[in-house]
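Encoded as structure tokens, the structure appears first; notes follow it.
The values are calculated or read from the model by the stated rules, or taken from the named source; none is laboratory data. Given the structure is predicted, the values throughout are model-derived calculations rather than measurements. Reconstructed Cβ throughout: ideal geometry from the backbone, glycine too, with neighbour counts over all protein chains shown. The accessibility values were calculated without ligands, DNA or RNA, using every heavy atom of the protein model including side chains. Shrake-Rupley method; radii C 1.70, N 1.55, O 1.52, S 1.80 Å.
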Amino acid sequence: MQQIIKSTSIANDLAVVLSNTSHDKLFILTDENTELQCYSLISTLPKVEIAKRVVIPANDSNKIIENLTQVWKFLSNNGATRHSLLINLGGGMITDLGGFAAATYKRGIAYINIPTTLLGSVDASVGGKTGINFEGYKNEIGAFYPALHIIISAEFLNTLTQKDILSGYAEMIKHALLDSKKIWNKTINFNFEIIDYNLLNDLVMESVLIKQRIVDKDPYEKNIRKALNLGHTIGHAFESFALDNDRAVPHGYAVAWGLVAELYLSHKLCNFPKETLDLVSQFIQHNYGTFSFNKENYDILYQLMIHDKKNVGDTINFTLLADIGEIRIDQTASRGMIEEALDYLRIER
Ligand code: GLY
């Protein structure tokens with residue numbers, strides 16, 4: 001039975017998990033950064049000390065077949081069996097690639113995710129989406145294959161930059177909007193000027209559990225899991241547009257701006273309350289700044305939305321809200337309405 005563990009001592013919690021999880025051999029995947037900055041937090045455990053380790057280069061650009069092959073070879077050369085256990089220690093790149101290596105090696109071995117970024121904790125490590133980028137397309141090859149355990153550790157939070165925290169926080173805003181006014185109020189009142197790490201840690205756990213509840217209802221994204229795409233149809237277009245113009249923005253920032261535009265669509269098409277839209281919009285402008293683009297960019301942004309892999313045919317698929325917690329999946333919007341939403345984000349706030 002999968003467990004999501006809220007940890008304040010990663011070494012202690014991992015020790016318990018390892019003694020309760022039967023396995024013949026233990027393997028550890030890190031990237032070059034988490035090897036240096038995070039591995040020491042678990043390295044004193046006797047089972048970890050004798051585990052074989054593989055280190056791959058950091059960053060999403062390395063979530064590629066060559067590094068996946070390296071992990072497969074590492075497992076194979078070190079005699080991993082179907083009963084072996086892999087620990088993925090890193091951000092979304094490591095948990096996605098390591099999860100896919102685990103999904104495919106000997107048709108599937110068990111793995112534990114220890115996410116080391118906020119974005120990884122609240123999104124990538126939970127829900128079983130694993131995979132790699134391929135031929136320039138993000139997450140093009142992959143499988144649904146959930147981690148056996150996920151250890152969410154507060155110990156990494158205060159090592160993160162403000163930008164990393166904000167990037168993960170956008171997914172937490174999304175989860176709060178999907179869930180309830182109670183969580184929403186706590187989330188929108190968080191103060192990034194003086195970060196309260198204990199409060200952040202509590203909010204992270206609540207956020208992870210919101211995602212898990214949605215995934216449990218629809219693990220293969222046939223239905224309500226599409227709710228998790230809120231903010232992402234327009235957000236992904238911003239992310240790709242910025243990348244193509246050599247001014248890459250963090251995923252969470254693109255999602256934050258995407259959320260504002262999609263809540264505008266929600267207001268126009270599903271009566272989402274204007275005051276909540278304005279509140280989100282101000283919070284995001286204050287903490288994330290503005291995404292610079294102009295009317296001449298609308299066509300390319302629209303084309304990027306058309307090519308989103310969540311669409312069926314040529315219709316752009318949105319998840320919208322009628323209110324906080326009132327989810328409307330499989331919505332469409334006219335090009336004119338999408339342009340109005342882009343106008344709102346650009347000028348009318
Ligand atoms: N990141 C969205 C999902 O896991 O479905």
Exercise. If you take the residues of the stretch 224-236 that are open to solvent by 10 Å² or more (accessible area, probe 1.4 Å) and farther than 19 Å from Ala143 by Cα, which of them is farthest from the ligand (Cβ to nearest atom)?
Worked result: His236
Problem set entry | Search result, residues across the stretch 42-59 that are open to solvent by 60 Å² or more (accessible area, probe 1.4 Å), in contact (Cβ under 8 Å) with a residue 24 or more places away in the chain and more than 21 Å from His251 (Cβ to Cβ) | Thr44, Lys47, Ile50, Lys52, Arg53
For this session: Residues that are out of contact with any helix residue (DSSP H, G or I) (no Cβ under 9 Å at 6 or more places or on another chain) and closer than 23 Å to Trp184 by Cβ: find the helices (runs of 4 or more DSSP H) completely inside the stretch 230-349 holding 3 or more of those.
Result: 274-288
Exercise. Could we say that Glu221 is open to solvent by 10 Å² or more (accessible area, probe 1.4 Å) and within 16 Å of the ligand (Cβ to nearest atom) here?
Worked result: yes
Exercise. When you scan the stretch 91-119, how many residues do you find that are under 30 Å from Asp244 (Cβ atoms) and away from the ligand (no atom under 11 Å from the Cβ)?
Worked result: 13
For this session: Within the stretch 98-107, identify whether any single residue is within 11 Å of the chain's Cα centre (by Cα), surrounded by 24 or more Cβ atoms within 10 Å (Cβ to Cβ) and modelled with pLDDT of 95 or more, and answer yes or no.
Result: no
Exercise. Somewhere in the stretch 293-309, is a residue charged (D, E, K, R), touching a residue at least 60 places away in the same chain (Cβ under 8 Å) and on the phi > 0 side of the Ramachandran plot?
Worked result: no
Problem set entry | Hits in the stretch 117-126 (condition: farther than 19 Å from Thr21 by Cβ and either of a type in the set (A, V, I, L, M) or open to solvent by 10 Å² or more (accessible area, probe 1.4 Å) (or both)) | Thr117, Leu118, Leu119, Val122, Asp123, Ala124
For this session: Could you grab me the full set of residues in the stretch 120-156 that are hydrophobic (A, V, I, L, M, F, W, C), under 22 Å from Ala176 (Cα atoms) and within 10 Å of the ligand (Cβ to nearest atom)?
Result: Val122, Ala124, Val126
Seminar exercise, completed: Listed by first then second residue, the pairs whose first member lies in the stretch 119-136 and is within 16 Å of Ala101 (Cα to Cα) and aromatic (Phe, Trp, Tyr), whose partner is more than 10 Å from the ligand (Cβ to nearest atom) and not in a strand (DSSP E or B), with beta carbons under 8 Å and at least 6 positions apart or on separate chains, are Phe134/Ile64; Phe134/Ile65
Exercise. Do the conditions hold for Asp31, that is, is it modelled with pLDDT of 95 or more, open to solvent by 10 Å² or more (accessible area, probe 1.4 Å) and in contact with a Pro (Cβ under 7 Å, 6 or more places away or on another chain)?
Worked result: yes
